[in-house]
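K.L.:
Below is the structure I would like to discuss, written out as structure tokens.
Please treat every number below as a calculation from the coordinates, not as lab data. All of these numbers come straight from a predicted model, not from anything done at the bench. Reconstructed Cβ throughout: ideal geometry from the backbone, glycine too, with neighbour counts over all protein chains shown.
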Amino acid sequence: MYDMFAEFDNFFNSFDVFPVYREVEKCPGCGRTYQDFRTTGKLGCAKCYQTFRNPVKKTLKQLHQNIEHTGKIPESGATELKKKKQYAELKAQLQKAVSEENYEQAAVLHRQLKALGNIE
């Protein structure tokens, strides 16, 4: 005879009575955890940056609203850095104009890029 309740017994036995703790991810280089970073504000080694990349990015974005440094540029290298930044911005605008098939704007941007010279 078929026992209907045998399946229920298997179903209820599949639940653990004790809480299940998930394993904490540790850096393979130094053994530190993300919680260690949250406590001290410091990562242990270079591999920590790779291991905890996503949670650290999320934390930095919460603290600073941005993950890209946009601080002051030293005067000694300011002209070259500004030129590189302008070149990158113009190149991005050019790609956008071409993808939108705005060829007149693309031609203007291309001339501006040519005037700056090849910086890459």
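K.L.:
Taking K and R as +1 and D and E as -1, what net charge do the other residues with C-beta under 12 Å from the C-beta of Gly44 add up to?
P.N.:
Result for the local shell: +3.
K.L.:
Still on this model: Could you give the nm distance between label points at Thr59 and Val98, where each point is 7 Å from its Cα heading toward the beta carbon?
P.N.:
My value for the distance between the label points is 4.1 nm.
K.L.:
Please work out the FRET efficiency for the pair Thr39 and Leu81, using the Cβ-Cβ distance as r and a Förster radius of 35 Å; give the result to the nearest 0.05.
P.N.:
It comes to 0.50.
K.L.:
So what are region 24-71's ellipsoid semi-axes, whole angstrom, largest first, if each one is the square root of 5 times an eigenvalue of the alpha-carbon gyration tensor?
P.N.:
They are 20, 11, 9 Å, listed from largest to smallest.
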